[in-house]
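**Student:** Here it is, the structure in full.
The values are calculated or read from the model by the stated rules, or taken from the named source; none is laboratory data. Since the structure is predicted, the reported quantities are computational estimates derived from the model, not experimental observations. All Cβ positions, glycine included, derive from the backbone under ideal geometry; neighbour counts span all protein chains shown.
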Amino acid sequence: MHVDLYERIWMGAAGAIIVVFLASMGYTTLGRAVQPPSHVETIDPASVRSDAEFGAPGVTVHEDGSATVVMQAFMFGFLPNEIRVPRGRDVTFRITSPDVIHGFQIVQTNANAMVVPGYVSQFTTRFDRAGEYLIVCNEYCGLGHHVMQGTLIVEDRPPLLRALPPEGGAP
Ligand code: CUA
């Protein structure tokens, strides 16, 4: 059977693309251990509100300037509703739900995770631009889904330094 030269080139290119896609999937899942955000640990949804960690959600800034954000995503809001994190530092989010599946998306950033009751969704990212960002739920979770939102404020100065008196001013 005669196959035209250009036809053979395109067939080879299409086959090569499939091989590259499969290889990159294999490399990221096996070699780089890419897993869904909910792979970290499990938690009983009924105990979220009384849990030592998730019952008292909030932001913790560590000595190296990185931060850990513990949050609840519930019907219909986020707890805490407003969070402040330092710019340009690793920020690790730990989120869980006491009720149904929610989404956690920080608009205009790459922070986006599904929050599944029974699991802790954890991921680490950085915010390079200071400012105010909208947090939305992007999984339909009930009649109040559209009002489920929060605010992320990325601060230029690490929150630890805010305790210092302003330069030149009286403390
Ligand atoms: Cu929570 Cu939609």
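**Student:** Yes or no: region 6-21 includes at least one residue that is in contact with a Ser or Thr (Cβ under 6 Å, 6 or more places away or on another chain), basic (Lys, Arg) and modelled with pLDDT of 90 or more.
**Tutor:** The answer is no, given that none of the residues of region 6-21 is in contact with a Ser or Thr (Cβ under 6 Å, 6 or more places away or on another chain), basic (Lys, Arg) and modelled with pLDDT of 90 or more.
**Student:** Which ones in region 1-38 are of a type outside the set (Gly, Ala, Ser) and touching a residue at least 40 places away in the same chain (Cβ under 8 Å)?
**Tutor:** PRO36, PRO37
**Student:** List the number of the failed condition for VAL154; all other conditions in (1) within 16 Å of the ligand (Cβ to nearest atom); (2) in contact (Cβ under 8 Å) with a residue 60 or more places away in the chain; (3) more than 11 Å from the chain's Cα centre (by Cα) hold.
**Tutor:** Condition (1) is where VAL154 drops out.
Matching residues to (1) touching a strand residue (DSSP E or B) at 6+ places or on another chain (Cβ under 6 Å); (2) hydroxyl-bearing (Ser, Thr, Tyr):
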| site | (1), (2) |
| --- | --- |
| ALA16 | no, no |
| VAL19 | no, no |
| SER24 | no, yes |
| LEU30 | no, no |
| SER38 | yes, yes |
| PRO45 | no, no |
| SER66 | no, yes |
| GLN72 | yes, no |
| GLY88 | no, no |
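**Student:** Restricting the search to region 75-104, which residues are within 11 Å of the ligand (Cβ to nearest atom) and in contact with a helix residue (DSSP H, G or I) (Cβ under 6 Å, 6 or more places away or on another chain)?
**Tutor:** PHE76
**Student:** Now for a different question. Residues of region 75-87 being in contact with an Asp or Glu (Cβ under 6 Å, 6 or more places away or on another chain) and closer than 16 Å to GLN149 by Cβ, which ones?
**Tutor:** Once the filter is applied, which keeps residues that are in contact with an Asp or Glu (Cβ under 6 Å, 6 or more places away or on another chain) and closer than 16 Å to GLN149 by Cβ, region 75-87 yields only MET75.
**Student:** If I filter region 89-98 for residues that are within 24 Å of GLY131 (Cα to Cα) and of a type in the set (A, V, I, L, M), do I get at least one hit?
**Tutor:** Looking for residues that are within 24 Å of GLY131 (Cα to Cα) and of a type in the set (A, V, I, L, M), one finds at least one in region 89-98, hence yes.
**Student:** Determine whether region 36-59 contains at least one residue that is at pLDDT below 90 and at positive phi.
**Tutor:** no
**Student:** Considering (1) modelled with pLDDT under 95; (2) under 29 Å from VAL136 (Cβ atoms), say which one GLU63 fails and leave the rest.
**Tutor:** Status for GLU63: all satisfied but (2).
**Student:** What residue, among those in region 109-129 that are within 17 Å of GLY88 (Cβ to Cβ) and touching a Gly at 6+ places or on another chain (Cβ under 9 Å), is nearest to the ligand (Cβ to nearest atom)?
**Tutor:** Checking each candidate, the answer is PHE127.
**Student:** Does region 88-115 hold any residues that are crowded, with 17+ Cβ neighbours inside 10 Å and in contact with an Asp or Glu (Cβ under 6 Å, 6 or more places away or on another chain), and which are they?
**Tutor:** HIS102, GLY103 - these are the residues of region 88-115 that are crowded, with 17+ Cβ neighbours inside 10 Å and in contact with an Asp or Glu (Cβ under 6 Å, 6 or more places away or on another chain).
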